[in-house]
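Below is one structure; the comments refer to it alone.
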Amino acid sequence: MKNLKIKLLFALCAILLFSAFITEKKDVITIFMIGDSTMANKSLRNGNIERGWGQMLPNFLTDDVVVDNHARNGRSSLSFINEGRWDTVVSRLKKGDYVFIQFGHNDEKPSEKLHTDPGSTFDNNLRRFVTETREKGAYPVLFNSIVRRNFPPEGATENKGSYEKEGNILVDTHGEYLISPRKVAEEMGVPFVDLNELTHDLVVRMGVEKSKELFMWVPAGKYDFCPKGKVDNTHLNVYGGKVVAGIAIEAVAKVVPELVPYIRHRDPEVYVADYKDNKECAVSYTFDDGLQEHYTLVFPEMEKVGFKGTFWVCGNTIENEAARQDKSRMTWPQMKEMSDKGHEISNHSWSHANLKHLNSDGVKMEIEKNDSIIGAMIGKKPLTFCYPFNAFDEVILRKASEGRVATRTRQHGVGGDKSESTVESLDKWVKELMIAGDWGVAMIHGISTGYDAFTSPDILWEHFRRVKNQEDNIWVGTFREVAAYVKERKNVQLDIVKKKSQWVVTPRLSLDKELFDEPLTMVLDKKGREKVKVSQNGKSLLVKDRDDKLAFDFNPYGGAIKISFLTE
């Protein structure tokens, strides 16, 4: 008992030391987006590959900016106002925010609920958006509609959306609806982005066949969300959404210089990978409540496939037999063994209390007391946090996030009687993550017994094996590892100087090095550059060759990276 008190005293001192690294949280800028389906957020269910460019915009912005996308499918400037959607945006606007405005696709339609006239009602609606945005101290930015991929055959007299045989010339479908945003911008002194011209040039540059890769040309039998396939020349897919978002934000940088410090410029020839080793998606397996079978069953199976998991524990249920609720729990020596092998042991609060039912002092105690005992018994301060009952609000989120890499705010339930997981359903989950390029956080409780236990643990073990077989495309990392990588990737800036035989890439990252210490992966487009030598601060970096890309890990705080192209 005496030794435990000494360890707790040291842990408390460690917490005070870590608190010195906590920086004051800056007010974030919010970019509100209003518009139609080409800008809107799309469902990720069933492997849906459709994306609005506004949905992909956060990929090009630092964490100091939040994108609040209110664009919706099928809306015109008129219906957006009449449905109260604009009033909702105005009610949330604060001084210093931005509103990105893109309408036209549906204003063109003859429906009484949608139709507006360019030079008249359409312009008036745009003026209203601008005026009311400025009244809240926020800044409007006007865009015209992205291009439709419309290649009619020679002699065609009407736009059909798609043709059995396409021609060679891209033909405009928007008419004067492209002019109104420009005119209103000039009249009212508003930044304007000619997104139609930019996307028109993109499609022409790619050509008739290659440009299909931007839009929703979906082959039959490939995706669950659209088994019969489709041809859609208006809406963007994942790739198209990302490309157009990148084009849009680069154009914004030219007309809104105040946003430049928050824009992550992405050079297509050299950039930071979304995930470690340039893998398509990431998965973190997290296990709640410190159950004994997490050590006896999960730990050995994860070691077999080389995966590392995150185990959220409550100190009171480990220390106090009465708090265990007749459930066997892991011991501190067992968790220390797991930690020493690279698994993450982290904070699930002291007593698994619903933090929303506690006052500020109670929340503080639940978090800090558990930090102390984990630090004392495991030898590492928890750098992440998991909310009991997944219950939190903005105040709790801020408190739990202090001095941490991240907290678990979203998860995918994996188990039996509640989650109803099968090998097939888990295959589908992983497939959707790969399509979306997303990070999946599995939430697992019981294995053979207890809350949401599997109908058979073999479901989870088989799932592990199947993911292992796809490790070239899937990064399996602890919650802390992936969260740190994603945060660093979203905030690192690259200064790039290109010369014929050598490029110099200097990363800039202003995060806390004590918390965010994951190496990042840089991707280099091969383009005939078969022999490449890379170094950072005089130290050679290992370059991995994969398909048409080269990749290497680098220290985001480590200074300039020299990429030398070797000749035969």
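A few comments on the model shown:
- Alpha carbon centroid spacing (whole Å) that separates region 367-440 from region 205-248: 33
- Over 29 Å apart at the Cα level, from the set Lys308/Lys513; Lys336/Lys513; Lys336/Lys539, are Lys336/Lys539.
- Summary of packing: across the peptides 252-261, 555-564, the per-residue average of other C-beta atoms within 10 Å ranks them, highest first, as 555-564, 252-261.
- The distance linking region 124-168 with region 255-330 is 42 Å (Cα centroid to Cα centroid, whole angstrom).
- Separation of the alpha carbons by more than 22 angstrom is noted, of Lys42/Lys212; Lys380/Lys490; Lys499/Lys531, for Lys380/Lys490.
- Of the GluC sites (Glu not before Pro) found in region 79-131, those that fall in a DSSP loop while having at most 16 other beta-carbon atoms within 10 Å are Glu83, Glu112.
- Taking the protein heavy atoms of region 385-495 in the context of the full set of protein chains, the accessible area attributed to carbon and sulfur is 46 percent at 1.4 Å.
- Relative to the longest principal axis of the Cα atoms of the chain, the long axis of helix 423-436 makes an angle of roughly 50 degrees.
- In the chain, the longest principal axis of the Cα atoms and the axis of helix 179-188 are about 80 degrees apart.
- Ranked order, Leu198, Leu114 - accessible area, probe 1.4 Å, largest first: Leu198, Leu114
- Pairs of Cα atoms nearer than 8 Å and 6+ residues apart set the relative contact order; for region 528-568 it is 49 percent.
- Using a cutoff of 8 angstrom between alpha carbon atoms and counting only pairs six or more residues apart, the relative contact order for the chain works out to 14 percent.
- Each part gets one Cα centre, and for region 61-91 versus region 464-513 those centres are 32 Å apart.
- Each peptide in 278-286, 121-129, 88-96 gets a packing score, the mean of other Cβ atoms within 10 Å over its residues, and the list from highest to lowest is 278-286, 121-129, 88-96.
- Label selected from (1) 64, 42, 22; (2) 45, 28, 25; (3) 67, 23, 22, the criterion being semi-axes √(5λ) of the Cα gyration tensor in Å as computed here: (2)
- Rounded, prolate or oblate (a/c below 1.5 giving rounded, otherwise prolate when a/b exceeds b/c) for region 183-226 by Cα gyration tensor: oblate
- Once the Cα atoms are used to define both axes, helix 479-491 deviates from the longest principal axis of the chain by about 30 degrees.
- Integer Hz, Karplus 6.51/-1.76/1.60 couplings in order for region 287-304, x for Gly and Pro: 10, 8, 5, x, 5, 4, 6, 5, 8, 6, 10, 5, 3, x, 5, 5, 5, 4
- Set of aspartates and glutamates near Lys549 by C-alpha distance (under 12 Å), chain-local residues within fewer than 8 positions excluded: Glu269, Asp277, Asp525, Glu530
- Cα gyration tensor category, rounded, prolate or oblate, for region 394-437 with a/c compared to 1.5: oblate
- Among beta bridges that DSSP assigns inside the chain, antiparallel share in %, nearest 5: 50
- For the chain, calculated [θ]222 nm from helices alone, where every DSSP H run of n ≥ 4 adds -39500 (n - 2.57): -9500 deg cm²/dmol
- Three-way shape label, region 129-284, alpha-carbon gyration tensor, a/c 1.5: oblate
The values are calculated or read from the model by the stated rules, or taken from the named source; none is laboratory data. Predicted model, so just to flag it, every value in this text is computed and none were measured. Every residue, glycine as well, gets a Cβ built from its backbone with ideal geometry; the counts of neighbours run over all protein chains shown. Only protein heavy atoms, including side chains, enter the accessible area calculation; ligands, DNA and RNA are left aside. Shrake-Rupley method; radii C 1.70, N 1.55, O 1.52, S 1.80 Å.
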